[in-house]
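Student: Below: one structure in structure tokens.
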Amino acid sequence: MQPGLLIAVGVGGFIGAILRFLISGWVQKLSPSLFPVGTLSVNVLGSFIIGFAVLYFENVVAPHQKALLITGMLGALTTFSTFSLETVTMLQGGLWGRAVTNIVLNTTLCIGATIAGMILFKRIYG
């Protein structure tokens, strides 16, 4: 493994983790809901960006840039481990409806956002 790639992933992870903390906290604070919309928002945003970026990076940039943005930043920005914990906590608390809603929204919106990012890339770069 090239040290430069590891550094790129680490720097990207640092940026992504800070962005996740700021964005998810801000969105959750704006929401009157107890539903974890902050986590949902970063998952959808990260899924959209990765859909766009994976096509962009296919032929345009160096592997170090791809490692920084996709593996590092987006890996730290999207929070499926947090999503999983929040879902299990809801299930343990007997909040089955909220847990199922969380699963359905995170999976469908994030897959949809990835597709939307790819569509946007194709419309721009055609």
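The values are calculated or read from the model by the stated rules, or taken from the named source; none is laboratory data. Just so it is clear, the structure is predicted and the values come from calculations on it, not from any experiment. Heads up, the Cβs are rebuilt from the backbone with ideal geometry, glycines too, and the neighbour counts pull from every protein chain shown.
Student: Out of all the residues in the stretch 23-44, is one or more under 27 Å from I124 (Cβ atoms), surrounded by 17 or more Cβ atoms within 10 Å (Cβ to Cβ), among the hydroxyl-bearing types (S, T, Y) and out of contact with any Phe, Trp or Tyr (no Cβ under 7 Å at 6 or more places or on another chain)?
Tutor: yes
Student: Ok, one more. Can you name the condition, by its number, that L55 falls short on among (1) in contact with a Phe, Trp or Tyr (Cβ under 6 Å, 6 or more places away or on another chain); (2) modelled with pLDDT of 90 or more; (3) among the aliphatic types (A, V, I, L, M)?
Tutor: The single condition L55 does not satisfy is (2).
Student: When you go through G126, G94, G51, G112 one by one, which is the residue that is of a type in the set (G, A, S) and in contact with a helix residue (DSSP H, G or I) (Cβ under 7 Å, 6 or more places away or on another chain)?
Tutor: Working: G126 fails: in contact with a helix residue (DSSP H, G or I) (Cβ under 7 Å, 6 or more places away or on another chain); G94 fails: in contact with a helix residue (DSSP H, G or I) (Cβ under 7 Å, 6 or more places away or on another chain); G112 fails: in contact with a helix residue (DSSP H, G or I) (Cβ under 7 Å, 6 or more places away or on another chain).
That would be G51, the only listed residue that is of a type in the set (G, A, S) and in contact with a helix residue (DSSP H, G or I) (Cβ under 7 Å, 6 or more places away or on another chain).
Student: Same structure, new question: Tell me which of these F57 doesn't satisfy, since it passes every other one: (1) surrounded by fewer than 14 Cβ atoms within 10 Å (Cβ to Cβ); (2) closer than 27 Å to F121 by Cα.
Tutor: (1)
Student: Return the residues of the stretch 63-98 that are small (G, A, S), surrounded by fewer than 21 Cβ atoms within 10 Å (Cβ to Cβ) and farther than 15 Å from G38 by Cα; say none if nothing qualifies.
Tutor: Keep residues of the stretch 63-98 that are small (G, A, S), which gives 67, 72, 75-76, 81, 84, 93-94, 97.
Still in the running and surrounded by fewer than 21 Cβ atoms within 10 Å (Cβ to Cβ): 75, 81, 84, 93-94, 97.
Across the stretch 63-98, the qualifying residues are G75, G93, G94, G97.
Student: Okay, next question. So which residues in the stretch 26-35 are modelled with pLDDT under 95 and not hydroxyl-bearing (S, T, Y)?
Tutor: Correct list: P32, L34, F35.
Student: With respect to N102, is the statement that it is buried (at least 20 other Cβ atoms within 10 Å of the Cβ) and in contact with an Asp or Glu (Cβ under 7 Å, 6 or more places away or on another chain) true?
Tutor: Here the answer is yes, as N102 does meet what is asked.
Student: Let me ask another. May I ask you to verify whether G75 is out of contact with any helix residue (DSSP H, G or I) (no Cβ under 6 Å at 6 or more places or on another chain) and at positive phi?
Tutor: Numbers: out of contact with any helix residue (DSSP H, G or I) (no Cβ under 6 Å at 6 or more places or on another chain): yes; at positive phi: no.
Here the answer is no, as G75 does not meet what is asked.
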